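As structure tokens, the structure follows; a few thoughts come after it.
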Amino acid sequence: MTRHTPARTMRIGAALLTAALLSSTALTAQAETPPNMLVIAQRIDDIKTMDPAESFEFTGADISRNVYESLVDFDPMDLDSGFQPALAESWEVSEDGTQITFTMADGHVFASGNPVTAKDAEFSLRRAVMLNKTPSFILTQFGFTPDNVEETIVAPDEKTLVLKLDKAYAVSFVLNCLAATIGGIVDMETVMANEVDGDMGNAWLRDNTAGSGPYKLASWKPDESYTLDLNPEYAGDAPAMKRVIVQHIQESATQRLQLERGDVDIARNLSPEDVAGLEGVDSVKVVDELRGRLMYWSANQKNEILSNPQVIEAMKYATDYTGMQDSFLKGQYITHQSFLPATFMGAIDDTPYSFDIEKAKGLLDEAGYGDGFDITINVRDAQERIDIGQSLQNTWGQIGINVEMIVGTGAQTLDTYRAREHDIYLGAWGPDYPDPNTNAGTFAYNPDNSDEAGATGLLAWRNAWELPEMSEETLAAVVEQDSAKRAAMYEELQREHMEVSPFGMMFQQIEQNAMQSGVEHFVAGGATTAVSYWVVTK
């Protein structure tokens with residue numbers, strides 16, 4: 001959705017601003033940015049590395065998508081069409097489904113001038129498995145290990161790459177994972193020329209890039225800014241924006257001020273209040289884009305009271321979804337009650353739970369807790385989450401549940417959650433890769449519920465929820481080759497999950513990006529990928 005407001009802009013000469021921007025990352029007040037330069041205000045303090053084999057943060061994904069190409073990718077102008085050929089022009093699957101053979105496309109060149117070959121793809125995927133950094137599970141779930149990659153990820157020649165899987169998975173599952181950040185193909189020659197102590201270039205790629213995408217990294221100042229310059233070797237159409245500068249601006253009000261003055265083209269982290277405050281501002285529009293992040297609460301099944309299904313159902317009915325959506329979350333979250341974000345394969349839009357205090361009281365009474373009980377809820381110190389926590393505290397209190405809210409840093413709250421020491425956890429979850437298993441495999445899968453399993457990446461485990469049958473259903477979905485049948489399996493899995501799980505799924509994020517009205521085709525990535533700067537015009 002795009003909302004236009006009337007226009008007002010203050011301008012200075014483009015040449016003057018260009019000089020200022022090129023000499024410093026500080027932005028000049030009362031300016032209009034040059035026509036071939038995109039300037040963005042955004043919180044970017046989560047960047048840790050530019051290495052696609054290690055990067056696992058939101059902003060890092062933004063950079064990687066614009067710097068690296070992968071075997072398959074998403075068309076930013078048609079995200080709903082799913083993965084498309086990219087560095088690989090085609091692929092074939094063996095009869096038994098355990099081997100995928102990719103044929104590399106011609107004409108792709110790294111920023112160094114080296115041609116992209118299957119040997120680079122072999123090196124990049126092997127390297128990601130061998131480095132064994134946080135996102136490596138996206139590849140190792142197919143049976144790749146540091147010990148077997150020389151036999152399972154093989155480029156017999158410069159045009160051909162063969163992946164040998166440990167079993168026959170849905171091809172869509174494998175290709176979706178290869179479209180994730182970790183699937184970015186790096187320039188083997190350049191990276192290995194910068195290897196230190198056998199790190200396969202990991203230290204160097206922290207603040208350098210070696211890709212074949214539309215842009216290359218020009219500079220990165222942690223907690224301050226990053227700059228991308230056009231990659232002259234890029235095989236696709238030349239982007240209109242020759243340079244992209246992203247400034248770290250923490251405060252929403254400051255981002256809004258920079259936008260109103262014309263200092264930046266786009267402000268990406270505005271609060272609902274600041275979005276509303278742009279009404280009547282000249283030459284500014286707000287573009288709403290549905291993203292994949294979900295807001296939910298979950299109940300630890302080690303708590304005897306919370307392991308009662310009627311208690312959980314009562315709490316779901318005592319949640320004021322519409323009230324929150326239409327007040328402090330207005331415009332930035334929409335009610336969503338299933339574990340797959342809208343636009344994912346198999347996503348559903350069922351909303352069986354509505355705010356019904358009388359129904360909730362009746363369920364609590366039937367469960368034997370008509371007199372209520374005491375619980376705690378762990379909440380990260382972020383305003384939207386505190387607001388949601390206070391709403392739950394209020395509405396659950398109306399059915400006799402006395403809620404103590406424990407507010408902590410993100411690290412503190414996650415430590416408690418991962419240790420399974422919470423009663424109720426309130427948090428957000430975003431997809432790790434653009435396939436339905438990314439959420440099914442954590443919300444509806446828990447093969448070992450023992451404390452010793454330590455499966456902190458699985459949300460079902462974190463909540464001590466034992467679900468053997470649903471875990472088997474989740475495993476069955478990743479090997480189903482028929483896409484329509486696979487989608488139907490996820491639909492059924494979600495409906496079962498909504499009815500019996502200790503998860504209260506509440507909202508899906510709508511990202512509101514405010515920008516100068518002349519900016520077109522800014523795509524933040526939808527629910528499946530990251531931002532695409534190369535299609536932006538203004």
| remark: Residues of segment 454-478 being at pLDDT below 95 and in contact with a helix residue (DSSP H, G or I) (Cβ under 8 Å, 6 or more places away or on another chain), in sequence order, are ALA455, THR456, GLY457, LEU458
| task | Answer yes if at least one residue in segment 497-508 is polar (S, T, N, Q), in contact with a helix residue (DSSP H, G or I) (Cβ under 9 Å, 6 or more places away or on another chain), open to solvent by less than 10 Å² (accessible area, probe 1.4 Å) and in a loop (DSSP other than H, G, I, E, B), and no otherwise. | result | yes
| note | Of the conditions (1) surrounded by fewer than 23 Cβ atoms within 10 Å (Cβ to Cβ); (2) on the phi < 0 side of the Ramachandran plot; (3) not polar (S, T, N, Q), the single one that GLY331 does not satisfy is (2)
| query | Can you find a residue in segment 392-412 that is hydroxyl-bearing (Ser, Thr, Tyr), in a helix (DSSP H, G or I) and either open to solvent by 20 Å² or more (accessible area, probe 1.4 Å) or touching a strand residue (DSSP E or B) at 6+ places or on another chain (Cβ under 7 Å) (or both)? | reply | no
| task | Scan segment 257-307 for residues that are of a type in the set (Val, Ile, Thr) and not in a strand (DSSP E or B) and jot them down. | result | VAL264, VAL275, VAL281, ILE305
| Among helices (runs of 4 or more DSSP H) lying entirely in segment 110-195, which contain 1 or more residues that are open to solvent by 10 Å² or more (accessible area, probe 1.4 Å) and either basic (Lys, Arg) or free of Cβ contacts under 8 Å to residues at least 40 places away in the same chain (or both)? | 118-131, 137-140, 149-152, 188-193
| task | Read through the list (1) open to solvent by 40 Å² or more (accessible area, probe 1.4 Å); (2) modelled with pLDDT of 95 or more, then give the number of the only condition that ALA487 fails. | result | (1)
| query | Would you pick out the residues in segment 363-382 that are touching a residue at least 24 places away in the same chain (Cβ under 8 Å) and part of a helix (DSSP H, G or I)? | reply | LEU363, LEU364, GLU366
| task | Being within 27 Å of PRO85 (Cα to Cα) and of a type in the set (A, V, I, L, M) is the filter; apply it to segment 196-225 and report the residue that is surrounded by the fewest Cβ atoms within 10 Å (Cβ to Cβ). | result | LEU217
| note | With criteria (1) over 26 Å from PHE142 (Cα atoms); (2) open to solvent by 20 Å² or more (accessible area, probe 1.4 Å), PRO34 comes up short on (2)
| Quick one: which of ALA444, ALA419 is among the small types (Gly, Ala, Ser) and within 17 Å of HIS497 (Cα to Cα)? | ALA444
| task | Return the residue satisfying two criteria in turn: it lies in segment 114-153 and is within 21 Å of MET50 (Cα to Cα) and among the basic types (Lys, Arg), and of such residues it is modelled with the lowest pLDDT. | result | LYS133
| field | Matching residues, segment 73-98, being out of contact with any strand residue (DSSP E or B) (no Cβ under 9 Å at 6 or more places or on another chain), in a loop (DSSP other than H, G, I, E, B) and either open to solvent by less than 60 Å² (accessible area, probe 1.4 Å) or over 24 Å from ASP166 (Cβ atoms) (or both) | value | GLY97
| task | Identify all residues within segment 430-461 that are open to solvent by less than 20 Å² (accessible area, probe 1.4 Å) and more than 17 Å from LEU294 (Cα to Cα); write none if there are none. | result | ASN446, TRP461
| request: Restrict the check to segment 20-28 and report whether at least one residue is in a loop (DSSP other than H, G, I, E, B) and modelled with pLDDT of 85 or more. | output: no
| remark: Given the conditions (1) open to solvent by less than 10 Å² (accessible area, probe 1.4 Å); (2) without any contact (Cβ under 8 Å) to a residue 60 or more places away in the chain; (3) touching a strand residue (DSSP E or B) at 6+ places or on another chain (Cβ under 9 Å), every one holds for ASP415 apart from (1)
| note | Reported set for segment 49-72 where residues are more than 20 Å from GLY430 (Cα to Cα), among the β-branched types (Val, Ile, Thr) and not in a strand (DSSP E or B) is VAL67
| request: Taking GLY427 as the residue in question, decide whether it is assigned to a helix (DSSP H, G or I) and open to solvent by less than 30 Å² (accessible area, probe 1.4 Å). | output: no
| query | Does at least one position in segment 223-234 carry a residue that is over 23 Å from the mean Cα position of the chain (by Cα), in a strand (DSSP E or B) and free of Cβ contacts under 8 Å to residues at least 60 places away in the same chain? | reply | yes
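The values are calculated or read from the model by the stated rules, or taken from the named source; none is laboratory data. Model, not experiment: these values are computed from the prediction. All Cβ positions, even for glycine, are placed from backbone atoms using ideal geometry, and neighbour counts span all protein chains on display. Surface areas here come from the heavy atoms of the whole protein model, side chains and all, with no ligands, DNA or RNA. Shrake-Rupley method; radii C 1.70, N 1.55, O 1.52, S 1.80 Å.
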